[in-house]
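Heads up: the structure comes next, in structure tokens.
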Amino acid sequence: MNFEKEIKILLSSSNFIIYILTEEEERLEYSLNMISKKIFQQNICTWNFIEGYTNNPNHKMRANKNPLEALNSIQSSEYNNYKMFLLKDFDFFINDLSIIIKLKNISEWIKINQKYIFLSSSKINIPEVLQEHITFIKFPLPNELEIKFELEKLIKILNINTELSINELTLAYKGFSINRIRKSLSKIPATQNFSKNLINHILNEKKILIEQANNIDFYYSNNNLSDIAGLINLKKWLRVRKNAFSKKAYNYGISLPKGILLVGIQGTGKSLSAKAIAKEWNLPLLKLDVSRIFGGILGESENNIQNIINICEQISPCILWIDEIDKIFTHNINTNDSGTTNRVNNIFLTWLSEKNSPVFIVATANNLNNLSTEIIRKGRFDEIFFVDLPNFEERINIFKIHLEKVRPLSWYKYNIYYLSQISNNFSGAEIEQSIIEAMYSGFYKKREFNTKDIIISINNIIPLAFTNSKNISRLKDWIKSGKIRSA
């Protein structure tokens, strides 16, 4: 629902004091003014603490530095003809006893006289005693049309040259306020031609925005899908959906992909896949830190998960990476937390099922058996993939990838064919570790490390597969039953 429609519904359903959460007062004032002109054929009456009422020259400085007088003025004869009043930054005054009593007293009067008070604020601060009289809403961030209009204007003013289309830029700046867009573009020198660099600039701005929240991290990724050996089925599935968030896909009628769940033992490339998807799809990658969700204050955990959802939707299109999701959505729910874990789970599961925003979830789990049935049922994720241990050919590629990184000119001198033969049941992480150990050995002996050093490292490593064989067998049984797919 757009903001104008929401306000019209509130005004027609006897909501006379409306508290609006926003950091964009200028844009809010403009929007309310347009709504007032459409409904009442007049401008709104605006007040701020320093200047008082500002829209009427005859009332200049009226009620300045006096929020109680600002409310009293609404009932005065001079303001008889006004219908909508916007009082800015009112969260600073709303807990004052005189303001609380005045708002309670005025609520009946404005109802009879059909006047509407809007209180703008950058934080939620409604006293409990006033919650019956006040309706709370959030002012939405600018939509694509608003962003596009602003970008077209700024690009012309700032003389910015870019090969990117206005639609690509609009999508990249989604989740920004108009003020943030202005500040972001003003940092770009007009003398340079920007394409990919401009996207990187916007991603860096998004990182700053996201870092203001304490329970989610922004990740840069330099890994492509080609950096991952094997996983042919997963790669094909992802490449088919690469442009699923584009305008062309929307016009084609394609439904947005929800996400995938990657299951397998540690070190098989699940986390690397999440990073590679972000790079391949050219989308920002957000990582949910499960440990930061739960707080000690009543209601804090629920607020944290809701804030995470809000950030993802603001920044969208994006990828949300939930590492080791089996640590939170588990059968073994803590029964001593007054139902907090259940409520957090319910909020997140409902969002997974009902979300229609372009947020693609990449969740990883080490053990499918620990996950609750609610999280793995159809509708939460598009697909569940089992990331198995690499086979012989895949191990050859893994050795090649890691050796090329550390010895780009001489990687071919290592006998990767034999190394792959003797590293059966090794994960990609364990193969990488065997090379690292061999390098330490060579460095200690003041010589170049060789194939023999890697063989010794392999012989000294006990693969995790040996200690986790039962879980791997169960997952392979799930593949045979058709419940999950092989990556």
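For the range 327-351, give me each residue that is at pLDDT 75 or above and either touching a strand residue (DSSP E or B) at 6+ places or on another chain (Cβ under 7 Å) or assigned to a strand (DSSP E or B) (or both). Scanning the range 327-351 gives no hits.
If I filter the range 164-195 down to residues being in a loop (DSSP other than H, G, I, E, B) and among the charged types (D, E, K, R), which single residue comes out as modelled with the lowest pLDDT? Before you say what the answer is, go through the steps one by one.
Applying the first criterion (in a loop (DSSP other than H, G, I, E, B)) to the range 164-195 yields 164-165, 173-177, 187-192, 195.
This time we only want the ones that are among the charged types (D, E, K, R), so: 174, 187.
Values: Lys174: 81, Lys187: 76.
Checked the range 164-195; the qualifying residue modelled with the lowest pLDDT is Lys187.
Inspect the range 289-302 for any residue being at pLDDT 80 or above and out of contact with any Phe, Trp or Tyr (no Cβ under 7 Å at 6 or more places or on another chain) and give the result as yes or no. No, that holds for no residue. All conditions in (1) of a type in the set (D, E, K, R); (2) touching a residue at least 12 places away in the same chain (Cβ under 8 Å); (3) surrounded by fewer than 16 Cβ atoms within 10 Å (Cβ to Cβ) hold for Lys148, with the sole exception of (3). Quick check on my filter: what residues within the range 135-151 are under 18 Å from Tyr250 (Cβ atoms) and part of a loop (DSSP other than H, G, I, E, B)? Across the range 135-151, the qualifying residue is only Asn143.
Listed by position, the helices (runs of 4 or more DSSP H) inside the range 367-485 whose residues that are at pLDDT 90 or above and out of contact with any Ser or Thr (no Cβ under 7 Å at 6 or more places or on another chain) number at least 1 are 392-406, 416-422, 428-444, 451-460.
The values are calculated or read from the model by the stated rules, or taken from the named source; none is laboratory data. Nothing here was measured: the structure is a model prediction, and the numbers come from that model. We place every Cβ from the backbone using ideal geometry, glycine too, and count neighbours over all the protein chains shown.
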